[in-house]
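One structure below.
Values in this text are rule-based calculations from the coordinates and carry no lab data. Please read these numbers as outputs of a predicted model, since none were measured by experiment. With ideal geometry, Cβ positions are generated from the backbone for all residues, glycine too; neighbour counts draw on all protein chains shown.
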Amino acid sequence: MSLLAYDLQLSNVYKTYDNGTPAVIDFNIDVVKGEFIAFLGPSGCGKSTTLRMISGFETVTSGDLMIRGKRVNDQLPEKRPTSMIFQNYALFPHMNVRQNVRFGLEVKKMPRAQADRKVDEILEKLGLGDIAEMATSRLSGGQRQRIALARSLVVEPDILLLDEPLGALDANLRKSIQNELKLLQRDLGITFVFVTHAQSEALALSDRIVVMNAGRVEQISPPRELYTRPSSLFVARFIGSNTILPGTVREGQDGIVTLDTAFGRLAGANLAGIDAHKDRNMSIVLPAEAVDLVPADVSERQMQAEFGANAIPCTIETLQIVGHIMHMVVRLKDDKTIKVEGHVDKFRDRLKAGGSAFVAWKSGSATVIDG
Ligand code: ADP
């Protein structure tokens, strides 16, 4: 792919603040036009610093920052084809909605008539036409969020940067604005880079998620892959919805590694190609959707044929049927609980609350990671 096909590239980007804090360590990513990228990670991991480097509000200590194939490390923020939305929206209280939105075009000295046309267009697109003359201080959180969006988009950036833009909204509003944001991004086809510490938000919105930890990139993956195939213990724990079974390597063959664990000899796929030498400490990550629940009365031969040795005894703690889906919570002997769900027809009459069963999986659908 030619360089110009990328909207944004970070190559070996580092940031160390003047006080010596290493905030971003060797960040690498190539973003294609129209991608929705989320930076996800706990507070202080370097998400905002990276976003501010892209916008130009923060300098890059070393490495290359490229926008549409051009190195922009030394370019002023206002010269970059980026626009930024902050968590508190930073609207001007003394200006009405229209004036707030027009502000960026005035800075660019766009002729009045042309600016008015563009402002009207974007106000219309975001459903703000009716409140264009109102003071922003009198508007709701959702409306203020939309005005901030309109103000950033009216300058027609190549890349929109969003720093926890939904953080100030309540849960319901957050959900509906999430949907709007996604539709708008698809419609406009521009690249969005979004900072959040909320997994659900990143999973719902993004094409790819960059998980950061203490300044470093842990993994860059599409949402689904992030929880079915985490590449480190940090990501597996941060994303949450999976079971982690620690052990030591017994043997590794053909990309499948077998570990000795507290639950016996269990296996998963070694997708990262880790050197799985004997006795190395590793863990099996079992995503919820890879888990099958097998009634205790199934024959050993059948179990072996389908799942190999990957079967752990459990007791069914709760069992609830919603429509055609059975939701269960099962408990392992170490008191770990796992949520499992499946079609009712598959389990009806064979699995009962309080009864025993096996948590089982095919080796290829679990992943082994280091640690
Ligand atoms: P996040 O956005 O993931 O919460 P930040 O990028 O804000 O993380 O911060 C990353 C690290 O850099 C933290 O250790 C933070 O304390 C430090 N940091 C952020 N801004 C500054 C600054 N202006 N001066 C010095 N250190 C900073």
Seminar exercise, completed: Which of K182/K333; K70/K108; K175/K333; K175/K339; K15/K339 exceed 32 Å between C-alpha atoms? The answer is K182/K333; K175/K333; K15/K339
Seminar exercise, completed: Taking alpha-carbon centroids only, the range 238-271 lies from the range 1-72 a number of Å equal to 34
Exercise. Under a straight-distance cross-link criterion of Cα-Cα below 12 Å, which aspartates and glutamates are reachable from K352, leaving out those fewer than 8 residues away in the same chain?
Worked result: E317
Problem set entry | R0 of 56 Å, Cβ-Cβ distance D345-N281: FRET efficiency to nearest 0.05 | 0.85
Seminar exercise, completed: In nm, the gap between the two label points placed 7 Å beyond Cα toward Cβ at S176 and A309 is 5.5
Problem set entry | Peptide ranges 230-240, 247-257 listed from the most packed, as the mean C-beta count within 10 angstrom indicates | 230-240, 247-257
Exercise. Tally Lys/Arg at +1 and Asp/Glu at -1 over every other residue whose Cβ is under 15 Å from the Cβ of E341; what's the total?
Worked result: -1
Problem set entry | Ranked list, fewest to most other Cβ atoms within 10 Å of each Cβ, for H343, H197 | H343, H197
Exercise. Any idea what the dipole of the chain comes to, in debye rounded to 20, about its Cα centre with Lys/Arg Cβ at +1 and Asp/Glu Cβ at -1?
Worked result: 620
Seminar exercise, completed: Asserting the computed 222 nm helical MRE of the chain (DSSP H runs at least 4 long, -39500 (n - 2.57) per run, divided by residue count, to nearest 500) equals -7500 deg cm²/dmol
Seminar exercise, completed: The exposure ranking of D370, D345, fewest beta-carbon neighbours within 10 Å first, is D345, D370
Exercise. Using a Förster distance of 30 Å, how high is the FRET efficiency between A272 and K33, based on the Cβ-Cβ distance and rounded to 0.05?
Worked result: 0.55
